[in-house]
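Heads up, the thing below is written out as structure tokens.
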Amino acid sequence: MKSKWKVSSQYIGGEKMYIALRVLDTSLPQHGGNVETSGEYSSNHDAVQDLVDQLNGGTKNEHQDQ
């Protein structure tokens, strides 16, 4: 069973970067072979959160003015 989409982060070149990610099989540990990503890495958390909301069936741009 796939998980819901979520915002994942990691430091790349000293900068915190974000990407939309979900686990492909929730009965297994999360690792590089058990995840799917959408979009590209971004330093803008709110933009990635908007994508996650959209992928999970919500609406886009809910976080843009916060």
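The values are calculated or read from the model by the stated rules, or taken from the named source; none is laboratory data. The shown structure was predicted, so the numbers you read here are calculated from the model rather than taken from an experiment. Note that we place each Cβ from the backbone using ideal geometry, even for glycine, and neighbour counts take in every protein chain shown. Accessible surface is based on the protein model in full, side chains and every heavy atom, while ligands, DNA and RNA are left aside. Shrake-Rupley method; radii C 1.70, N 1.55, O 1.52, S 1.80 Å.
Filter the stretch 32-53 down to the residues that are out of contact with any Ser or Thr (no Cβ under 7 Å at 6 or more places or on another chain), of a type in the set (Val, Ile, Thr) and closer than 19 Å to ILE12 by Cα and list them by number. Reasoning before the result, please.
First, the residues of the stretch 32-53 that are out of contact with any Ser or Thr (no Cβ under 7 Å at 6 or more places or on another chain): 32-47, 49-50, 52.
Cutting the leftovers down to of a type in the set (Val, Ile, Thr) gives us 35, 37, 52.
Result: VAL35, THR37.
Within the stretch 5-32, residues that are touching a residue at least 12 places away in the same chain (Cβ under 8 Å) and open to solvent by less than 90 Å² (accessible area, probe 1.4 Å) have Cβ atoms under 7 Å from residues that are part of a helix (DSSP H, G or I) and not aliphatic (A, V, I, L, M) in these pairs: VAL7/HIS45; VAL7/GLN49; TYR18/HIS45; VAL23/ASN34; LEU24/ASN34; ASP25/ASN34, counting only partners at least 6 apart in sequence or on another chain.
If you go through the stretch 18-43 and keep only what is in a loop (DSSP other than H, G, I, E, B) and under 12 Å from VAL7 (Cα atoms), you end up with just SER43. For the stretch 1-42, filtering for residues that are out of contact with any Leu (no Cβ under 6 Å at 6 or more places or on another chain) and farther than 21 Å from THR59 by Cα leaves 21. Conditions: (1) open to solvent by less than 40 Å² (accessible area, probe 1.4 Å); (2) without any contact (Cβ under 8 Å) to a residue 24 or more places away in the chain. GLY39 meets all but one. Number of the miss? Every listed condition holds for GLY39 apart from (1).
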